[in-house]
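What follows draws every value from the coordinates through simple rules; no lab data is involved. All values reported here derive from a predicted model rather than from experimental measurement. FYI the Cβ positions are ideal-geometry reconstructions off the backbone, even for glycines, and counts take in every protein chain you see.
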Amino acid sequence: MQSIYIGRQPIIDSDSNLSAYEVLYEGSQSTLDRYSSASIINNVLNKFGKHSLLGNHRGFVKIDEKFLLHDIIFSLPPEVFVFCIIESVDLNERVVERVESLYRKGYKLCIYNIKIFPWSIEKYERIFPFMDFIKVNVQESSPQRLREHIEKIKEYGITVIADSVDDRLQFDEAKKVSCDWYQGYFFAEPVILKNAVYEPSHMAILKLYNLIMQDVSIDEITQAFEDNHAVTIQLLQFINSGAFHFRNRISSIHHVLTLVGRIPLGQWLMLMIYSKSISKEGQTPLMLMVKNRTELMQDILKAIRPDAKSNQLGEAYFVGVLSLIETVFSVKLEEVLVHVNISENVEKALLNNEGIFGEILALIRDIESFKTYSVSRFEKKYQLKTGSIEQVVVQSMKKVNLFESPEEKS
């Protein structure tokens with residue numbers, strides 16, 4: 001049976017709030033490519049489901065001319081997707097008529113990954129009135145050309161998305177030329193700065209984490225939290241936000257320790273580092289990414305080792321949560337680990353991809369980069385059924401969606 005692999009990449013606004021996802025899909029055989037036919041997209045939808053994949057957000061999907069002109073496109077709900085027209089689509093009369101028809105019926109359309117040149121603006125200008133989004137390739141478009149043309153594009157009410165933003169410099173440049181949304185790996189790729197320093201709140205969380213992991217009394221831990229008012233308030237807001245299942249609201253650190261124990265509290269503390277704020281709008285994309293990694297680390301471990309003990313699952317969790325810590329601190333991972341009380345297994349996995357935890361982390365990074373060949377290779381090595389990892393990934397997406405919008409839990 002043929003497998004369909006699916007992934008998603010966040011699209012964020014200028015304040016790093018999650019705005020949408022780009023949906024990536026690929027078949028396990030070479031006859032399928034990223035611009036698969038309408039039937040493949042339907043299979044993806046039927047197999048995974050909109051809510052599991054996207055939560056409350058729209059999904060940007062790349063389409064070719066065959067997909068665009070196939071009438072099955074009208075069977076897809078207009079509120080779910082943004083159809084992204086790829087560069088190879090010829091803007092002939094049939095295509096222009098179909099674009100206008102979709103626009104009139106309420107579908108959202110996007111020009112995908114355009115390189116800003118005078119000729120490209122001239123090519124697409126005739127369909128600008130029907131576009132809701134344009135994704136511009138910031139790596140292959142000069143800032144000067146972006147500045148010259150983005151203002152004109154916005155006159156049509158089009159939201160401009162900076163695509164292929166892979167580092168902080170590109171993000172800052174895209175902001176300067178007035179892009180609205182952004183997509184890329186910049187928040188997952190750490191910016192290493194010389195003589196960088198930890199933020200006090202982050203160091204306070206690390207110190208509290210180490211204290212929790214040591215054999216000290218509850219009263220001593222409670223006192224340490226009371227000496228860090230900002231951290232205590234944020235932690236209580238986080239725990240009471242609805243992302244966790246408690247019958248009654250938790251009012252004190254002593255209450256947290258009594259009900260749930262030290263390890264969950266330590267995990268929440270580490271997860272908090274990734275959150276710039278806790279609000280009704282949801283979590284930051286970076287926090288959602290680390291949440292996804294921790295879920296995958298534990299669930300993949302359980303898939304290959306069903307009898308895994310709680311301490312092993314805890315180690316898997318911390319590999320996931322620490323795997324993006326460089327992004328927060330802007331220093332080398334080795335320097336951060338000096339301040340964190342972790343096991344040798346966790347350290348080897350993070351620094352050298354060694355051991356079972358390191359192997360799972362490497363697989364997760366490949367999944368995020370949509371290197372689907374690693375999935376089948378991993379399944380064969382551990383004698384898992386074809387599609388086992390795919391199911392784990394989908395379940396993780398569901399959990400992250402609930403984590404982002406806990407009020408929708410049934």
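Brief remarks on what is shown
- Of the cross-linked pairs 62/371; 302/398; 108/135; 332/381; 115/175, those separated by over 21 Å at the C-alpha level are 332/381.
- Residues whose amide H lies under 5 Å from that of residue 20, counting only those 5 or more places away or on a different chain, are 11; hydrogens are built 1.01 Å from N in the peptide plane.
- J(HN,Hα) series, the range 127-142, from Karplus relation 6.51 cos²θ - 1.76 cosθ + 1.60, nearest Hz, glycine and proline x: 10, 3, x, 9, 9, 9, 9, 9, 9, 9, 7, 6, 7, 10, 10, 6
- With the simple model of a label 7 Å out from the Cα in the direction of the Cβ, residue 93 to residue 215 spans 8.5 nm.
- When you filter the trypsin sites (Lys or Arg not before Pro) in the range 89-126 for DSSP loop state and at most 16 other Cβ atoms inside 10 Å of their Cβ, you are left with 105, 115.
- Proxy reagent accessibility, fewest Cβ within 10 Å first, across 65, 79: 79, 65
- The range 74-132 and the range 323-389 have their alpha-carbon centroids 39 Å apart.
- Anchor residue 399: aspartates and glutamates whose Cα lies under 18 Å away (excluding residues fewer than 8 positions away in-chain): 281, 295, 299, 368, 390, 407, 408
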